[in-house]
Amino acid sequence: MDRFALDLAHLFAGGLVLVSFMLLYQDRMFSLLNTFALHAFVVSVSVAWQAHIQSAPHLYITAAIALIVKAIVIPVVLHRIIVRLGIHRDIETVVGIGKTMLVGIGLVALSILVMLPITSAEGTLVREDLAFALSVILLGLLMMVSRRNAVGQVIGFMSIENGLILAATGAKGMPLVVEISVAFSILIALIVIGIFLFRITERFDSVDIYALDRFRGERP
Amino acid sequence: MSDPGALVVGAILVIPVVSAVLLAFLPDDRTTARLNVLGTLLTLLCAIALFFVRPEPGLFLIVDDVNVVFIVLNTFVGFTTSVFSGSYIAHELETGRLTHVYLRFYHAMYQTLMFAMNLALLANNVGLMWVAVELATLTTVLMVGIYRTHEALEAAWKYFILGSVGIALALFGTILVYLASSTVIGEGLEAMAWSVLVQRAWAFDPALLNLAFVFLLLGYGTKVGLAPLHAWLPDAHAEGPTPISAVLSGLLLNVALFALLRFKMVMSANAGALAPGPLMVSLGLVSVVFASFMLYRRDDIKRMFAYSSIEHMGIISFAFGMGGPLANFAGLLHMIMHSLTKSAIFFSVGHIAQVKGTQKMDDIGGLTVSHPVLGWGLILGVITIVGLPPMGIFMSEFLILTSTFARHPVLAVVLGFGLLIALGALLYRLNGLAFGEVHGASAPARASYVPMFTHLGLVLAAGIFLPAPLVSWFQHVAELLR
């Protein structure tokens, strides 16, 4: 594999980690959605590039699914939901953004320290892809725990899925079944989420999950 | 597809799908409940046929000695639960908790769940298995939220978020396993086929396998409900319809544990990899002790038995973590006994909650007087689940304890302590529920008792006498599990 192809793949994967960090500090609903669309776009470019350099045409399908569903359809739908519900206010975070970013940096360092030594038998591309993918997954988890808002958590979850797609395409020759089903399950997940958002607002006029937490299950 | 085995496997997967589609569109309630039963019955018959004909293992699906027991158990409890569901749902319709549209949705989802669980058990491809577990998670999320109350929504949301994160971690683990195998086996479907993985696992890179197993344990462990990853489980059990609680406890937790077992076999086939046993033993012990103490402070009857499920999943993980032919044998037996008993308990609890109009234990009392059959059914179920002789769970717990005493007495003491604490909690609660003054609202029971007593009868029979062919079968599987 020539140096340029490697560098570009590296750039895209690194870019995804960067956009994950951008997701962490968004404090407006719409800018969060836009950043997520960018996240999905970077994933799809990265996957398309992998398809090119691995000469694995089926990965183009994965790239297309990521682009159409996650970079376009889901942000548009969520946008509409947010407008219709009138909840485009600031997003409350549990921890301060500065602290969250610091923790995020620690997580990226952790994933590089964990992944690089144990994948020494693999090619450079696979190693770095996996380290970045794990970073994206951990950052997504961090985002889910640091957001109170249901939409924020859903976007955190979808960014985890993006990280998984990056990992799956990085693992050379992984059969198509997984990629398509990942994309497919995201679609199902959206349906679930759509129903949930709809029902949640129907009941509480808010998608702030703290409203859900009022009831702790055991109290009368 | 002229191979009869392949036809049978195909039928096990196709029947639930066809039933799901039919049930989604048929309007009449009586027919749909019966059709639901018919669908699960046909699936059960096909599953039993697997004992006689078996297809060649393919790259996607496999029937081997390990999973055939689980498939039969899965379809059997699926069938009995659909019978129970028929009478349970009729009551929910009368009281207006469910409307007709939701009922159609419920039945379609029930069949989809059966499909997903059967697929997860049959899958040879680790990616396919993951997809199936994810599908099962999504369908149960929808069913937990079906009553659309405050509590149900919170439970479903919690389950959805925690379940999805767990499943995402499991996928990362699966990718790492593929990475470890593809360098040895070569790229392509073979490197994801579980049967090939086990054979060639000795050559995999141990470091990658270790990391993969940590992710798989956390991921699938969330679905198994092992403490401290259990937070979704009590809510999901308490707020959904009771047939779903029965299927969740009895089957879905097993399916997730089964996925873990498959990967454990890959791990143990590699000499250089971390031994998976100690991890499973410690998670299991934590679950047992934690859940036993939590049992004391429950107010909600379904929530209490959900904690009891966490406890028993802990026992099973502990047994498989200890490993060795005897502990594996006991673990397998306990898995089956727990499935049957816990679903039987939920059958009786479901009807009790309906006749009493509440799930709060303070408002339920004197069941043996007001509803003798339900009350004694519950007593029998609780006696079974706490592990008193002569029931089957006594035998499996006894085997687990004695085999552990021989090897690691300290662990056995901790486990025994947890079991006793749980026994105390459940019997103490049972006393209030079943005996004493009748209080709380009371409606006549129109219940189907057959599923409940069938399950308990089977557990009793297993406790008194296990037929020799069954024992040798279990021993064989226990050897395979290592």
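The values are calculated or read from the model by the stated rules, or taken from the named source; none is laboratory data. Just so we're clear, the structure is a prediction, and the values are computed from it rather than from any experiment. With ideal geometry, Cβ positions are generated from the backbone for all residues, glycine too; neighbour counts draw on all protein chains shown.
Computed values, structure above
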item	result
Whichever residue in the stretch A:98-127 is surrounded by 14 or more Cβ atoms within 10 Å (Cβ to Cβ) and β-branched (V, I, T) and, among such residues, is nearest to the other protein chains (Cβ to nearest Cβ)	A:I118
Qualifying position, being at pLDDT below 90, closer than 23 Å to B:F258 by Cβ and buried (at least 20 other Cβ atoms within 10 Å of the Cβ), among B:L466, B:L470, B:L415, B:L481	B:L481
From B:P228, B:P243, residue being closer than 30 Å to B:T341 by Cα and at pLDDT 90 or above	B:P243
Test: A:E122 is without any contact (Cβ under 8 Å) to a residue 40 or more places away in the chain and not polar (S, T, N, Q)	yes
Near pairs, Cβ below 6 angstrom, 6+ apart or cross-chain, from the stretch A:1-26 (within 18 Å of A:V47 (Cβ to Cβ)) to any residue that is acidic (D, E) and surrounded by 22 or more Cβ atoms within 10 Å (Cβ to Cβ)	A:A13/A:D129
Answer residue from the stretch A:147-170, given it is at pLDDT 85 or above and polar (S, T, N, Q) and is farthest from the chain's Cα centre (by Cα) among those	A:N162
Filter result for the condition that a residue is farther than 29 Å from B:S282 by Cβ and surrounded by 19 or more Cβ atoms within 10 Å (Cβ to Cβ), over B:S448, B:S370	B:S370
So A:S55, is it small (G, A, S) and within 18 Å of the chain's Cα centre (by Cα)	no
Odd one out for B:V63, checked against (1) under 27 Å from B:R262 (Cβ atoms); (2) under 23 Å from the mean Cα position of the chain (by Cα); (3) in a helix (DSSP H, G or I)	(3)
Residue, surrounded by the fewest Cβ atoms within 10 Å (Cβ to Cβ), within the stretch B:147-160, restricted to residues that are touching a residue at least 60 places away in the same chain (Cβ under 8 Å) and either within 7 Å of another protein chain (Cβ to nearest Cβ) or not basic (K, R) (or both)	B:T149
For B:S164: the one exception among (1) small (G, A, S); (2) under 26 Å from B:N270 (Cα atoms); (3) at the interface with chain A (Cβ under 10 Å from one of its Cβ atoms)	(2)
For A:Y60: the one exception among (1) within 14 Å of the chain's Cα centre (by Cα); (2) under 26 Å from A:G173 (Cα atoms)	(1)
Enumeration of residues in the stretch B:432-463 that are touching a Phe, Trp or Tyr at 6+ places or on another chain (Cβ under 8 Å), modelled with pLDDT of 85 or more, more than 26 Å from B:G323 (Cα to Cα) and not aliphatic (A, V, I, L, M)	B:P451, B:H455
When residues of the stretch B:75-110 are limited to those that are under 14 Å from B:I244 (Cβ atoms) and of a type in the set (A, V, I, L, M), the one surrounded by the most Cβ atoms within 10 Å (Cβ to Cβ)	B:V77
Top-ranked residue of the stretch B:133-146 - restricted to ones that are more than 9 Å from chain A (Cβ to nearest Cβ) and closer than 26 Å to B:R34 by Cα, ranked as surrounded by the fewest Cβ atoms within 10 Å (Cβ to Cβ)	B:I146
Scan of the stretch B:259-274 for residues that are farther than 23 Å from B:L61 by Cβ and either touching a Gly at 6+ places or on another chain (Cβ under 6 Å) or part of a loop (DSSP other than H, G, I, E, B) (or both), ordered by number	B:N270, B:A271, B:G272, B:A273, B:L274
Residue that is closer than 21 Å to B:L333 by Cβ and β-branched (V, I, T), where the choices are B:T402, B:T368	B:T402
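Listed here are the residues, each with its yes/no results for (1) over 20 Å from B:G225 (Cβ atoms); (2) part of a loop (DSSP other than H, G, I, E, B); (3) out of contact with any strand residue (DSSP E or B) (no Cβ under 8 Å at 6 or more places or on another chain).
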site	(1), (2), (3)
B:V288	no, no, yes
B:R297	no, yes, yes
B:H312	no, no, yes
B:I315	no, no, yes
B:L380	yes, no, yes
B:I383	yes, no, yes
